[in-house]
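Trainee: I'd like to ask you about the structure that follows.
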Amino acid sequence: MATHTPSRPTAWPARLVAGLFLGLGASFAGGGQAGAADRLTVLLDWFVNPDHAPLIIAEAKGFFADRGLAVELVPPADPSAPPRLVAAGQADVAISYQPNLHLQVHEGLPLVRFGTLVETPLNTLVVLEDGPIGDLADLKGRTIGFSVGGFEDALLGQMLESAGLELADVKLVNVNFSLSPSLFSGQVDAVIGAFRNFELNQMDIEGRPGRAFFPEEHGVPVYDELIFEAHRDTIGDDRLVRFLEAVEAATIWLTNHPQEGWELFVARHPELDDDLNRRAWFDTLPRFAKRPAALDRRRYERFAQFMKSRGLIDEIVPTETYAVELR
């Protein structure tokens, strides 16, 4: 397959408690500008949640303001829309995913990665801890639930191959984003697309702990989960440099003050003050990029080769055309 939804909410039913959808038009209309600060509109990938911690803290601690920025964080009404809106010049920055970036570039969208938010994969294949699956080879003849095809098919295929299996050895069932419930009910034996910082915590809270198989330990090249994208024509904009400086300051501050950061986060978003988001907060902190502007070119080259080998893209283009390190 060469197409995929430009956002992957497959592991996020647990996050439906994490915020309120805001329509883009209403959010743009309501956004103010702080004095003479330069406005920057950042489209989130989903509801506000602990994955966005450095952005919320950069705002709360004044790191954006210190750099002359008035940053507007906008949860999307349609999770697939942010990269396309940035490509159309209707917003400045989109949070997206490295795997999706390769697909977006393949589609011809004029997008460039200029920073990293979460620098490790979050996606996993999950089974019940007390179930019959002890290793990937035990999946032969079993049923695996998924929510969105495309990249997750490629991910699963590679993981199965590392255990001497292939996709034809399992039955795939679309569970329509109902990942944990489909495991609990016995509808499926495993699910692909569960996020290690959310679904595993949700399952533990509900008394049905899961066991995760990590793609990067089973033949899938390591990739950046969440990245910052901008339109190719705006990469020289100094606001992007200042934005990343503020994100870096917030990430380092969070590393030093994780509990105080959580308290600031839920003060801004009291609807998130629950056990699931608290656990996710502390599980996600180690995964934020401490050098968000830094680019590992080889990581992007390896992953492009993986995407091509799995049939998701048919051409590998020069890395510098879609991923840069700002100076």
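The values are calculated or read from the model by the stated rules, or taken from the named source; none is laboratory data. Worth saying up front: this structure is predicted, and the values here are computed from it rather than measured. Note that each Cβ is placed from the backbone with ideal geometry, even for glycine, and that neighbours are counted across all protein chains shown. With ligands, DNA and RNA removed, areas are computed over all heavy atoms of the protein, side chains included. Shrake-Rupley method; radii C 1.70, N 1.55, O 1.52, S 1.80 Å.
Trainee: Would you tally the residues in the stretch 245-275 being of a type in the set (A, V, I, L, M) and surrounded by 22 or more Cβ atoms within 10 Å (Cβ to Cβ)?
Mentor: 5
Trainee: For residues that are open to solvent by 20 Å² or more (accessible area, probe 1.4 Å) and within 28 Å of Glu72 (Cβ to Cβ), tally how many sit in the stretch 197-240.
Mentor: 9
Trainee: For the structure I just gave you, tell me whether Ala194 is within 16 Å of Glu216 (Cα to Cα) and either open to solvent by less than 40 Å² (accessible area, probe 1.4 Å) or in the same structural domain as Thr284 (by the TED database) (or both).
Mentor: Yes: the conditions hold for Ala194.
Trainee: For the stretch 60-73, how many residues are touching a residue at least 40 places away in the same chain (Cβ under 8 Å) and farther than 15 Å from Val241 by Cα?
Mentor: So the answer is 3.
Trainee: Continuing with this model, one more query. Within the stretch 131-163, which residues are without any contact (Cβ under 8 Å) to a residue 12 or more places away in the chain and of a type outside the set (Asp, Glu)?
Mentor: Gly134, the sole residue that qualifies.
Trainee: Let me ask you something else. Looking at the structure I just gave you, is Ala168 at negative phi, at pLDDT 95 or above and out of contact with any helix residue (DSSP H, G or I) (no Cβ under 7 Å at 6 or more places or on another chain)?
Mentor: Numbers: at negative phi: yes; at pLDDT 95 or above: yes; out of contact with any helix residue (DSSP H, G or I) (no Cβ under 7 Å at 6 or more places or on another chain): yes.
Answer is yes for this residue.
Trainee: Right, something else. With Leu244, Leu254, Leu200, Leu240 as the choices, which residue is within 30 Å of Val127 (Cα to Cα), touching a strand residue (DSSP E or B) at 6+ places or on another chain (Cβ under 9 Å) and part of a helix (DSSP H, G or I)?
Mentor: Numbers: Leu244 fails: within 30 Å of Val127 (Cα to Cα); Leu254 fails: within 30 Å of Val127 (Cα to Cα); Leu240 fails: within 30 Å of Val127 (Cα to Cα).
From the options Leu244, Leu254, Leu200, Leu240, the qualifying one is Leu200.
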